[in-house]
Ligand SMILES: [Zn+2]
């Protein structure tokens, strides 16, 4: 039976526009999901939208729509992402779906049965943009640094609370036993420090009379759940929990989230799981924020990078390449159109695209458009280099260092170009040295075939086009043969012409 693998992004608020930071998150998760599929594993890749809370309730009122209708309209922008970014997610959950509501209520019930939910008066400063309580030390000039244009609101009502404080020691013990739980390490240290400093119980409900847009609380018609408490359950409602079906085989999974989600994912959610008697998440990958021209993106600065526009203009593979190769997987990074276009031209148009055209065109010209006789490649310097790239892939995918994997693949691309420049098949053709030409073209076609596999998790469309040109079976077939000879080139096989993978800008 195939190994089971589960990865999920966060569920963004449905009212927001899909922004470049979320594109980064979902493309990172997609690359990992595709990689595990290529290894022959059975993969669930989940994503979805968070549709409750005060922010969405107010937006709906502004638009004079029922909150549900407002969410139904807003979700279409998110549904488009799958095609636009060429995503391979298998599950999409909206937190207003019945299966999610039931999971959130079941989890609440378990926490309550465990004595971790109680009532008290809630007084706090609240950022509606974050849907989070803010302490004075988190505010800058009385405002949330992430939402400086919003007023901080005061909440004063009787709410249900979650006994977060009880989980300080269990969380610290869990962290100590799972030294790779949060990646990168410096984010892990941040959350360990946070938990060490002591945890405060937090409010997990809202008075329905003031804010009715949330999941009903079991046994109390006067309250709805606090949006985060319900939203975090999304990680397991995706798997059909509380039904056991997929949950048993796929949980725990990997969660990908931005640095602003560190506390919710790696502390709050983990405490909720402990309270409900469920296994903790397997791992949390925390990515940084993307700035533009050294500044936070904002409409007023006119520096907003729209992932949908970029993908439609340059192709999903181009955006995927840039986000995975040139944006650091963990640290804050800068994104400008100029940098993007430079990378597109040098690495994709003149790099992968040009190499592919060169090899296929030479095969058409010099070996009659078919795979020449097979030669042994075991001791070939290019094969040795290729093995180093495979090792990089194996070592760096589990640590989410996509940029290092791609850098190594691009070294291989440069080496192939250099091999062509040095062996000069066009000169050999004039000299009538057909046997040498056959050998060179075979080496190149065989390397191109493996290159398709190597890039498949990152640039799935280019990989598929190369595979089709080489007349090989579908790369994304259920059980591809991993690595050596994942498909072998049969001499005499017809090679199809290929259109430019990345036309120059
Ligand atoms: Zn905020």
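Computed quantities for the displayed model
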{"quantity": "Residues being crowded, with 18+ Cβ neighbours inside 10 Å and without any contact (Cβ under 8 Å) to a residue 40 or more places away in the chain - total across segment 386-404", "calculated": "2"}
{"quantity": "Cβ pairs under 6 Å, 6+ apart, first in segment 290-306 and over 16 Å from residue 147 (Cβ atoms), second modelled with pLDDT of 90 or more and assigned to a strand (DSSP E or B)", "calculated": "290/333; 291/334; 303/292; 305/292"}
{"quantity": "Candidate set from segment 451-464 (those that are buried (at least 20 other Cβ atoms within 10 Å of the Cβ) and in a helix (DSSP H, G or I)); member that is nearest to the chain's Cα centre (by Cα)", "calculated": "460"}
{"quantity": "Selected residue [touching a residue at least 60 places away in the same chain (Cβ under 8 Å), farther than 21 Å from residue 416 by Cβ and surrounded by 15 or more Cβ atoms within 10 Å (Cβ to Cβ)] from 330, 366, 340", "calculated": "330"}
{"quantity": "Among the residues listed as 72, 50, the single one being surrounded by 15 or more Cβ atoms within 10 Å (Cβ to Cβ) and either over 25 Å from residue 18 (Cβ atoms) or under 23 Å from the mean Cα position of the chain (by Cα) (or both)", "calculated": "50"}
{"quantity": "Matching helices (runs of 4 or more DSSP H) fully within segment 187-260 where at least 2 residues are within 30 Å of residue 290 (Cα to Cα) and touching a strand residue (DSSP E or B) at 6+ places or on another chain (Cβ under 8 Å)", "calculated": "227-232, 234-237"}
{"quantity": "Qualifying residue in segment 102-118 (condition: within 30 Å of residue 299 (Cα to Cα) and touching a strand residue (DSSP E or B) at 6+ places or on another chain (Cβ under 8 Å))", "calculated": "no"}
{"quantity": "Identity of the residue in segment 269-318, part of a loop (DSSP other than H, G, I, E, B), at negative phi and crowded, with 17+ Cβ neighbours inside 10 Å, that ends up farthest from the chain's Cα centre (by Cα)", "calculated": "276"}
{"quantity": "Test: residue in segment 429-438 that is closer than 19 Å to residue 358 by Cα, crowded, with 18+ Cβ neighbours inside 10 Å and modelled with pLDDT of 95 or more", "calculated": "yes"}
{"quantity": "Strands (runs of 3 or more DSSP E) completely within segment 59-158 that count 2 or more residues being within 16 Å of the ligand (Cβ to nearest atom)", "calculated": "117-127, 132-134"}
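Results for (1) on the phi > 0 side of the Ramachandran plot; (2) modelled with pLDDT under 95, shown as yes or no for each residue.
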site	(1), (2)
90	no, no
94	no, no
100	no, no
108	no, no
132	no, yes
142	yes, yes
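The values are calculated or read from the model by the stated rules, or taken from the named source; none is laboratory data. Just so you know, these numbers come straight off a predicted model, no measurement behind them. Counting neighbours? That spans all protein chains shown, and the Cβs are built from the backbone with ideal geometry, glycine included.
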